[in-house]
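Below you'll find the structure, written out as structure tokens, and then a few comments.
FYI, it's all coordinate maths here, none of it is from the lab. Fair warning: this is a prediction, and the values are worked out from it, not measured in the lab. Note that we place each Cβ from the backbone using ideal geometry, even for glycine, and neighbour counts take in every protein chain shown.
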Amino acid sequence: MAIDPTLRDALSAVTPASLARALTRAGVKAFSPRGLAGRGERAIGEAYTLRMIPARGDAVGDLAAAVDAIPEGAIVVIDTAASGLALPFGAILAARLGQCGAAGLVTDAALPEVVGLPVWSAPEAAAGTLALVSVQEPVACGGAAIHPGDIVVCTESGIVALPVALAERVALEAVEQQRLDLWIQREAERGESLASLLPPDAAALARFEAETKPA
């Protein structure tokens with residue numbers, strides 16, 4: 001299902017830090033993969049998940065078929081048990097990932113190949129190979145729990161996965177949080193006391209509302 005354009009606009013306007021604070025207030029945990037290096041611009045899409053493990057010679061899943069099934073606009077999230085191994089994409093599979101219209105790739109494996117889309121991956125590859133074991137199941141990637149259909153927001157400064165049932169609420173809170181953060185920064189630059197701004201007291205919040213209320 002495509003992301004609502006208004007929701008996408010809201011998610012595009014806020015930082016991962018603002019989203020993280022809103023998710024924390026909502027009681028969500030383990031929503032942000034860590035230790036991954038980004039290559040590419042901001043990407044937003046629904047999570048399409050794959051799980052891979054180090055290969056030991058058993059029969060494995062069909063990686064080519066899994067890549068062919070990726071829907072347009074998805075953020076592909078690949079859990080490799082923090083192996084740091086290189087993804088076995090090769091030139092043909094890498095090209096196909098771009099052709100299917102994926103919005104981005106997030107993985108705790110390494111990705112030496114250039115795939116023509118934004119990528120967040122382990123910075124260095126370890127020796128070994130990977131085998132596909134499941135598709136479209138909840139996964140762990142970079143210490144985060146990501147479920148199929150989660151809305152994933154990826155930027156150079158971080159990655160956040162939003163449960164779809166909370167996405168609209170979290171996005172609106174994040175927009176408001178960012179407005180407040182910018183106002184607090186401006187007030188601090190004007191010389192206002194940080195004691196009343198961090199966190200903002202009732203008087204500061206009243207001034208914020210009065211000064212930023214739409215005309």
Separation in nanometres of the label points that stand 7 Å from Cα toward Cβ, at HIS147 and ALA59: 3.1 nm
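Viscosity 0.890 mPa s, temperature 25 °C: Stokes-Einstein D of the stretch 170-212 from its Kirkwood Cα radius, in µm² per second?
Approximately 233 µm²/s, per Stokes-Einstein.
Roughly how many debye, to the nearest 20, is the charge dipole of the chain about its Cα centre, given +1 on each Lys and Arg Cβ, -1 on each Asp and Glu Cβ, and no other charges? If you can, show how the numbers build up before the last one.
Working: 16 positive and 25 negative charges, 46 e Å.
With Lys and Arg at +1 and Asp and Glu at -1, about 220 debye.
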Amide H partners (placed H, <5 Å) of LEU85, local residues excluded: ALA110, ALA126
Gaussian network model of the chain, Cα within-10 Å springs - most flexible of VAL77, VAL152, VAL164: VAL164
Sequence-separation-based contact order of the stretch 21-131, relative, with Cα cut under 8 Å and 6+ spacing, percent: 33 percent
Max mean-square fluctuation residue, GNM over the chain, Cα-Cα springs under 10 Å, options ALA43, ALA64, ALA127: ALA127
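With each run of n ≥ 4 DSSP H residues scored as -39500 (n - 2.57), what mean residue ellipticity at 222 nm is computed for the chain after dividing by its residue count and rounding to the nearest 500 deg cm²/dmol?
Values: 6 runs with 68 residues, N = 215.
Here the helix-only value at 222 nm equals -9500 deg cm²/dmol.
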Listed residues VAL119, GLN185, LEU93: farthest to the positive end of the dipole of the stretch 74-215 (Cβ charges): LEU93
For VAL135, net neighbour charge (Lys/Arg +1, Asp/Glu -1) across residues whose Cβ lies under 13 Å away: -3
Candidates ASP181, ASP150, ASP201: whichever shows maximal mean-square fluctuation once the chain is modelled as a Gaussian network with Cα springs under 10 Å: ASP201
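For the chain, which span is the longest to avoid every loop-located (per DSSP) member of trypsin sites (Lys or Arg not before Pro) having at most 15 other Cβ atoms inside 10 Å? Provide the component values of the computation, followed by the final result.
Numbers: sites that count: LYS29, ARG34, ARG56, ARG190.
Longest site-free region, per DSSP loop and neighbour criteria: 57-189.
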Modelled FRET efficiency - R0 25 Å, ASP9 with ALA206, Cβ distances, 0.05 increments: 0.30
Residues of the stretch 95-127 with amide N under 12 Å of the 7 Å Cα→Cβ point at ARG39: 105, 110-125
Simple Cβ-charge dipole of the stretch 27-104, Lys/Arg +1 and Asp/Glu -1, about Cα centre, in debye nearest 20: 340 debye
Gained length - ILE92 relative to ALA26, 0.36 nm times residue gap less alpha-carbon distance: 19.6 nm
Chain lengthening between ARG169 and THR129 when straightened (0.36 nm per residue, less Cα-Cα): 10.3 nm
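Counting pairs of alpha carbon atoms under 8 Å apart in space and at least six apart in sequence, what relative contact order in percent does the chain give?
Numbers: 418 pairs, mean separation 60.7, N = 215.
Value for the chain: 28 percent.
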